[in-house]
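What follows is a set of notes on a single structure, which appears directly below.
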Amino acid sequence: MTVEGSEIVVRLGPREALAARRRTVRLPVSALRAVGVETSWWRVLRGEAARGVWLPGHCVGERRGPAGRDFVAVRAEAPALQMDLGPASPYARVAVSVPDPEPTERALRVLVPKDAVEPTDGREPTDRSEPTGRPEETEGPEETDTP
């Protein structure tokens with residue numbers, strides 16, 4: 001993965017390129033909204049599988065869902081670098097497995113606009129630790145109007 005001028009370029013390996021039927025994925029830097037690292041590869045998958053190869057532990061291709069089209073190239077043995085993107089991008093999310101994603105995440109994080117709008121899927125893009133599956137708790141007890 002590299003930044004070339006105003007584009008983020010994801011280059012796929014030979015097997016992934018065959019599965020995805022493309023060698024590269026090009027994304028406008030201006031569309032970058034959030035970037036994060038997900039240690040559990042399956043958490044970056046959302047929506048339904050479209051074209052690509054979908055094997056347990058190895059997923060490459062496009063997915064479609066309410067948030068739009070996603071592109072994934074993930075493997076169970078490597079963490080996934082996840083980028084959430086705005087409407088200027090052909091994809092709403094791109095997630096790729098890379099051996100050491102933290103340096104790439106830091107390099108891309110500086111490209112995220114300060115006024116970026118958070119993704120609409122409801123998850124915090126930079127906190128991938130342990131989602132609880134329940135709504136956020138409010139501070140203090142709820143007030144009621146009982147006499």
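The values are calculated or read from the model by the stated rules, or taken from the named source; none is laboratory data. Model, not experiment: these values are computed from the prediction. Neighbour counts are summed over all protein chains in view; Cβ atoms, including those assigned to glycine, are modelled from backbone coordinates with ideal geometry.
Which one is surrounded by the fewest Cβ atoms within 10 Å (Cβ to Cβ) among residues in segment 77-91 that are touching a residue at least 40 places away in the same chain (Cβ under 8 Å) and either part of a strand (DSSP E or B) or of a type in the set (A, V, I, L, M, F, W, C) (or both)? Break it down into steps so the answer makes sense when it comes.
Step one: filter segment 77-91 for residues touching a residue at least 40 places away in the same chain (Cβ under 8 Å), giving 79-91.
Filter once more, so that each one left must be either part of a strand (DSSP E or B) or of a type in the set (A, V, I, L, M, F, W, C) (or both): 80-85, 88.
Values: A80: 26, L81: 24, Q82: 25, M83: 28, D84: 28, L85: 24, A88: 11.
Among those that are touching a residue at least 40 places away in the same chain (Cβ under 8 Å) and either part of a strand (DSSP E or B) or of a type in the set (A, V, I, L, M, F, W, C) (or both), it is A88.
Does R63 satisfy the condition of being more than 19 Å from T2 (Cα to Cα) and not acidic (D, E)?
Working: more than 19 Å from T2 (Cα to Cα): yes; not acidic (D, E): yes.
When the stated conditions are applied, R63 passes them.
Does V37 meet the test of being within 24 Å of E102 (Cα to Cα), surrounded by 15 or more Cβ atoms within 10 Å (Cβ to Cβ) and of a type in the set (V, I, T)? Before you say what the answer is, go through the steps one by one.
Numbers: within 24 Å of E102 (Cα to Cα): yes; surrounded by 15 or more Cβ atoms within 10 Å (Cβ to Cβ): yes; of a type in the set (V, I, T): yes.
Judged against the criteria, V37 is a match.
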ask   = Of the residues in segment 21-41, how many are part of a helix (DSSP H, G or I) and within 13 Å of A95 (Cβ to Cβ)?
value = 1
inquiry  = Please determine whether any residue of segment 120-142 is at pLDDT 90 or above and on the phi < 0 side of the Ramachandran plot.
reply    = no
ask   = Are any residues in segment 42-67 assigned to a strand (DSSP E or B) and crowded, with 17+ Cβ neighbours inside 10 Å, and if so, which ones?
value = G52, H58, C59, V60, G61, E62, R63
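Consider V60 carefully, then state whether it is within 14 Å of V10 (Cβ to Cβ), within 12 Å of the chain's Cα centre (by Cα), modelled with pLDDT of 95 or more and of a type outside the set (S, T, Y). Show your work before the answer.
Values: within 14 Å of V10 (Cβ to Cβ): yes; within 12 Å of the chain's Cα centre (by Cα): no; modelled with pLDDT of 95 or more: yes; of a type outside the set (S, T, Y): yes.
In short, no.
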query = Under the condition of being under 9 Å from A80 (Cβ atoms) and of a type in the set (A, V, I, L, M), which residue from segment 24-57 is farthest from the chain's Cα centre (by Cα)?
reply = V37
